[in-house]
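Report on the structure given below.
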Amino acid sequence: MTLRKTIFFDIDGTIYDEEKQIPPSAKEAIAELKRRGHHVAIATGRADYMFEELRAELGIDSYVSLNGQYVVYEGKPVYSNPIEKPILEELTLFAEKLDHPVAYTDTAGMKVNVADHEYIKTSIGSLKLVFPTHDAEYFLKNDTHQAMIFCPQESQAIYTERYPQLNFIRWHPLCMDVLPGNGSKANGIAEMLKVIGVRKEDVYAFGDGLNDVEMLGFVGYGIAMGNGEAEAKAAAAYVTKHVSEDGIYEGLKMVGLL
C-alpha cells in the first residue's frame, strides 16, 4: 500500500478555473486521493469565509488560509499570525496619502477604509466577490491576518522599500496582499506539519501564482499549473497542464499519486 501523503491545493487558477468553476476531473482526482487514504488540504490567499462552500463540496477540513497566516487542521485552528496593529496603522496613513485604499481581512470577513473605489471593484470583482463593507477602524478592534493595498503595479516598490518588515505579494494588476515579514503559504504549511508530524519530503503542493512560489519550493514535490506565473513554474519541480486541461489530474499522475 502507498504511504499516506499530504497534498496542498491552491484555489484560484488551480482548483478553480477562470470562471471560478472546478473542472470535473479535478473534483474526481481529489476524491480519489481521499479514497486512497491521502490527506488533502487547501493552501490559499483567501480567508476562511471565502471558501466555505468549496471545503464542503470537496470534503476538506484542513487548510492554510490568508497566505499562511491562519492554519486549521481537521477543523481545529493550530496557528495564527496577525499583522501588528501599530505597523498597520502607519501603513494605512501612508497609503491614504497616495489615494490607495486598504482592506483588512480576518477569518470572518473583510473591511475597507473607503466606501467606494474603482480599484477595489475591479480586483475584488475578479474573484466573483461582492464589494467589502466599509469600516476604516476595523483593524484597531480586530486582528488583521492579511491586508490588501489597492494600487497599480508601479507603486509596489514604494511600499517594499518603506516597509521591509512586511511582505507584499501582487495578485492583481490593481491589488497586492500585505503579510507579516515571515508570512507565506510555506510558513503556514510548516506550522501544520509540526502538528501532524509529517516530513516536508512527503508533501505535495499545486499552485499557479506569485503567492505560491515559496510553497512550491518548500515542499517535497511542487507542481505548478500550466497557466501559472513564470516564477511559480521556476520554483516547482514539475509543471502540469492548464487548469482547464485537467491540470490537477495530469499533475497527480505525473508524480505517481494517481
Prolate/oblate/rounded label for the stretch 16-130 (Cα gyration tensor, a/c 1.5): oblate
Within straight-line cross-link reach of LYS20, lysines at Cα separation under 28 Å, skipping those fewer than 8 residues along the same chain: LYS5, LYS34, LYS76, LYS111, LYS121, LYS128, LYS185, LYS233, LYS241, LYS253
Options (1) 17.9; (2) 12.6; (3) 14.2 - which one matches mean projected area of the Cα convex hull in nm² as calculated here: (2)
0 to 90° range, to nearest 10: angle between helix 85-97 axis and the chain longest Cα axis: 60 degrees
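Can you give the % of DSSP beta bridges in the chain that are antiparallel, to the nearest 5?
Numbers: 23 of 42 bridges.
Antiparallel: roughly 55 percent of the beta bridges in the chain.
Would the stretch 138-226 count as rounded, prolate or oblate if I go by the C-alpha gyration tensor, calling it rounded below 1.5 in a/c and otherwise prolate when a/b exceeds b/c, oblate otherwise?
Oblate.
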Residues of the stretch 50-107: accessible area per residue with a 1.4 Å probe, Å²: 43 Å²
Percent accessible area from carbon and sulfur atoms, the stretch 53-182, protein chains only, probe 1.4 Å: 50 percent
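Counting each DSSP H run of 4 or more residues in the chain as -39500 (n - 2.57), what helix-only mean residue ellipticity at 222 nm follows after dividing by all residues, to the nearest 500 deg cm²/dmol?
Details: 10 runs with 83 residues, N = 258.
Here the helix-only value at 222 nm equals -9000 deg cm²/dmol.
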Sparse-neighbourhood loop sites, trypsin sites (Lys or Arg not before Pro) in the stretch 156-247 - DSSP loop, at most 15 other Cβ within 10 angstrom: ARG199
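The values are calculated or read from the model by the stated rules, or taken from the named source; none is laboratory data. Owing to the predicted nature of the structure, the values given are computational and were not obtained by experimental measurement. Note that we place each Cβ from the backbone using ideal geometry, even for glycine, and neighbour counts take in every protein chain shown. Only protein heavy atoms, including side chains, enter the accessible area calculation; ligands, DNA and RNA are left aside. Shrake-Rupley method; radii C 1.70, N 1.55, O 1.52, S 1.80 Å.
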